[in-house]
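Here the structure comes first, spelled out in structure tokens, and everything after it is commentary.
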Amino acid sequence: MAVITEIEDLRKIYKRRVPKMFYDYAESGSWTEQTFRENSSDFDLIKLRQRIAMDMDNRSTKTTMVGQEVAMPVALAPVGLTGMQHADGEIKAAKAAEKFGVPYTLSTMSICSIEDVAAHTSAPFWFQVYTLKDDDFMKRLFDRAKEAKCSALVITVDLQLLGQRHRDLKNGLSAPPKLTPASVANMMTKIPWGLEMLGTKRRFFGNIVGHAKGVTDPSSLSSWTAEAFDQSLDWERIKQFRSWWDGPVILKGILDPEDAKMALNVGADAIVCSNHGGRQLDGALSSIRMLPQIMDAVGDKIEVHLDSGIRSGQDVLKAVALGAKGTMIGRAYTYGLGAMGEAGVTKALEVIHKELDLSMGLCGCQSVEDLDPSNLLIPEDFATRWQASV
Ligand SMILES: Cc1cc2nc3c(=O)[nH]c(=O)nc-3n(C[C@H](O)[C@H](O)[C@H](O)COP(=O)(O)O)c2cc1C
């Protein structure tokens, strides 16, 4: 077996193992994919300040996210269709996160249901909802998450509309995959993936089919999806969702300081500075570039997390040094899951942890709590190069 030392190693194995339709679903952004690319390349513009002869012994990456202890400031982001990347993928990712001591976020658009993940794990996980129109369905989701003892609710606020992702349209993405000559020919080259999929019952959207009104089978799902998202969403509605959940609420998908202030006003406990991994508004700035402005606006009043583009522990370090209390990873663990199931998610977490721990030491820090902008070397115009004209 190949020696895995970095997230990129996992991506290469993942690409070989999983059908093209699902690899492309993860490894893509919307339209030209500029934002998807810059989410990562902007991290490279930030350099680390090397220090020596500082006590680097007894380092700790432990911290808290929304008051919960975490082994490092990293949570697994909600990723739809995870159970198509590997059979029973959500359960496997949740188990890996639990063993590692970081939060797992289950997406509404998961294959394994909330109840199924709860039955196979013992640590509470986080649950993510979209801002949908159907009150009954939303309330039921909240209740199901409560019954499953989810310890935080992540409300994704950047998907009133779906950004256009060319690859998904070209591949005819669906779960389970539609059998076309091209998809069958491709799946014939992914035998281990196919055998594992045949061995599980979990191949449909477990939180939706049989729960949303009128969605009794997978074929009625696409018309439901087209109707379900609330394009007229406003802050009052977000406030209403907040009031339905009595635990921590994290608003995910905030990329503008004005929206960050509104999130504070509606009583969110944390926000995720995120552009959905470059899958929504192509042309938006990267999350790491927007983080300083968001920190200036609300950083002393609310916990700020960051996702989009994180592929290493050094990326985590940079986000935390700029003020993020925690981060989320989406693709980095999805690569691991598709490559090697639960062991691959564990490997992704180990890789990121080791990079974070060693880099922290080489920057002269013993604890993630000690990281701050003085550990970084940042281009002067990093946060100010592009300015809104209001
Ligand atoms: C394949 C895929 C599916 C996703 N599905 C969801 C989802 O169901 N809900 C959600 O809030 N975000 C979803 N996201 C966005 C992630 O939660 C996260 O914001 C993004 O992956 C972060 O960027 P990164 O992949 O570069 O780490 C998805 C991302 C990917 C790559």
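Looking at the chain, what % of the alpha carbon pairs are farther apart than 40 Å? Let's see the in-between values first.
Working: 7941 of 75855 pairs.
Looking at the chain, the distances longer than 40 Å represent 10 percent of pairs.
Given springs between every Cα pair under 10 Å in a Gaussian network model of the chain, which of S243, S174, S287 has the largest fluctuation?
Answer for the Gaussian network model of the chain: S243.
Find out how many positive minus negative residues lie around P78, taking Lys and Arg as positive, Asp and Glu as negative, among other residues whose Cβ is under 11 Å from that of P78. Before the final figure, lay out the partial values.
Details: positive: K252; negative: E90, D307.
Cβ neighbours under 11 Å give a net charge of -1.
When the accessible area of region 309-383 is split by element with a 1.4 Å probe, what percent falls to carbon and sulfur? List each step's numbers first, then the result.
Working: 1190 of 2260 Å².
Exposed carbon and sulfur together represent 53 percent of the surface.
For region 254-324, what percent of Cα pairs sit more than 19 Å apart?
Numbers: 682 of 2485 pairs.
For region 254-324, the share of Cα pairs beyond 19 Å comes to 27 percent.
Over the chain, give the accessible area per residue in Å² for a 1.4 Å probe, as an integer.
Numbers: 16600 Å² over 390 residues.
On a per-residue basis, the chain sits at 43 Å².
With the full set of protein chains in place, find how many percent of the accessible area of region 110-154 is carbon and sulfur; take the probe as 1.4 Å.
On the way: 800 of 1620 Å².
Accessible surface attributable to carbon and sulfur in region 110-154 totals 49 percent.
If I stretch the segment between N265 and D143 completely, what's the gain in nm (0.36 nm per residue apart, minus their alpha carbon distance), one decimal? Write out the running numbers ahead of the final one.
Values: separation 122, 0.36 × 122 = 43.92 nm, distance 2.45 nm.
The N265-D143 span can extend by a further 41.5 nm.
Per residue, what volume in Å³ does the Cα convex hull of region 106-263 take up? Can you show the working numbers first?
Numbers: hull volume 22.5 nm³, N = 158.
Per residue, the Cα convex hull of region 106-263 comes to 142 Å³.
Identify, among M188, Y333, A123, the residue whose Cα sits farthest towards the positive end of the charge dipole of the chain, taking +1 on the Cβ of Lys and Arg and -1 on the Cβ of Asp and Glu, with the dipole about the Cα centre.
Result: M188, furthest along the dipole toward the positive end.
I need two numbers for region 29-161: Rg to one decimal and Dmax as a whole number, Cα atoms only, in Å.
17.9, 60
Can you sort L81, L358, L169 by solvent-accessible area, 1.4 Å probe, largest first?
Details: L81 10, L358 85, L169 120 Å².
Largest to smallest exposure gives the sequence L169, L358, L81.
Evaluate Rg over Rh across region 87-191, taking Cα atoms for both radii and Kirkwood's formula for Rh.
Using Cα coordinates only, the ratio equals 1.04.
With a Förster radius of 41 Å, plug the Cβ-Cβ distance of D135 and K178 into 1/(1 + (r/R0)^6) and report the FRET value to the nearest 0.05. Could you put the intermediate results ahead of the total?
Numbers: r = 32 Å, r/R0 = 0.78.
Computed FRET efficiency for D135 and K178: 0.80.
As an exercise, identify the trypsin sites (Lys or Arg not before Pro) in region 306-350 lying in DSSP coil whose Cβ has no more than 10 other Cβ atoms within 10 Å.
Values: sites: R311, K318, K325, R331, K347; in loops: R311, K325.
When the trypsin sites (Lys or Arg not before Pro) of region 306-350 are filtered for loop state and at most 10 Cβ neighbours within 10 Å, nothing remains.
Normalised by the residues of the chain, what does the relative contact order come to in percent, with Cα pairs under 8 Å and at least six apart?
Values: 780 pairs, mean separation 111.6, N = 390.
Once normalised by length, the contact order is 29 percent.
Can you give the % of DSSP beta bridges in the chain that are antiparallel, to the nearest 5?
Values: 6 of 32 bridges.
Of the beta bridges lying entirely in the chain, close to 20 percent run antiparallel.
So if R0 is 25 Å, what FRET efficiency would A71 and T384 give, r being the distance between their Cβ atoms, rounded to the nearest 0.05?
0.10
Taking 0.36 nm per intervening residue step and subtracting the Cα-Cα distance, what contour gain separates L198 from D57 on full extension? Present the calculation step by step, with values, prior to reporting the outcome.
Numbers: separation 141, 0.36 × 141 = 50.76 nm, distance 4.90 nm.
Extra length from L198 to D57 when fully extended: 45.9 nm.
Applying a 10 Å radius around every beta-carbon, put 182-189, 135-142 in order of their mean neighbour count, most first.
Numbers: 182-189: 13.8, 135-142: 15.9.
Most protected by this proxy first, the peptides run 135-142, 182-189.
Jot down the radius of gyration and Dmax of region 302-390, Cα atoms only, both in angstrom.
Values for region 302-390 (Cα only, Rg and Dmax): 14.9, 48 Å.
The values are calculated or read from the model by the stated rules, or taken from the named source; none is laboratory data. As the structure is a prediction and not an experimental result, all values here were calculated from the model. Positions of Cβ are backbone-derived with ideal geometry, glycine not excepted, and every protein chain shown enters the neighbour counts. These accessible areas exclude ligands, DNA and RNA; they are computed on the full protein's heavy atoms, side chains included. Shrake-Rupley method; radii C 1.70, N 1.55, O 1.52, S 1.80 Å.
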